[in-house]
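Structure, as structure tokens:
Any read-out appearing in this document is the output of simple, stated calculations on the displayed coordinates, not a laboratory observation. Because the structure is predicted, anything quoted here is derived from the model rather than measured. Backbone-built Cβ (ideal geometry, glycine too); neighbour counts: all protein chains shown.
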Amino acid sequence: MNFIDVIYQVISILLLVLLVCGLVIFVRSFKKRKRQLDNIEEKLDDLLEKRQQS
């Protein structure tokens, strides 16, 4: 095998690994943001309900 071929294979594998890692990070951050928004919405609903009862 040629040295250039080895470098190409290493770079190709690294790009594939980076793509998968990037996708995982994106999905995890999206889920975390959704969870935070759900918590904020729940707190706002509680505040509005308490305000209406007063």
(request) Lys and Arg at +1, Asp and Glu at -1: add these up for the other residues within a Cβ distance under 13 Å of L37 and post the number. (result) +2
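When the dipole is taken about the Cα centre of the chain, and only Lys, Arg (+1) and Asp, Glu (-1) are charged at their Cβ, what size is it in debye, to the nearest 20?
On the way: 9 positive and 7 negative charges, 29 e Å.
The dipole magnitude comes to about 140 debye.
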(message) Between 0 and 90 degrees, rounded to the nearest ten: what's the tilt of helix 3-53 against the longest Cα principal axis of the chain?
(response) 0
(request) Return an integer: the convex hull volume of the alpha-carbon atoms of the chain, in Å³ per residue. (result) 32
(message) Can you give the FRET efficiency to the nearest 0.05 for E42 and C21, using r as the Cβ-Cβ distance and R₀ = 30 Å?
(response) 0.40
(request) Rounded to the nearest 500, what is the 222 nm mean residue ellipticity of the chain from helices alone, with -39500 (n - 2.57) per DSSP H run of 4+ residues and division by all residues? (result) -35500 deg cm²/dmol
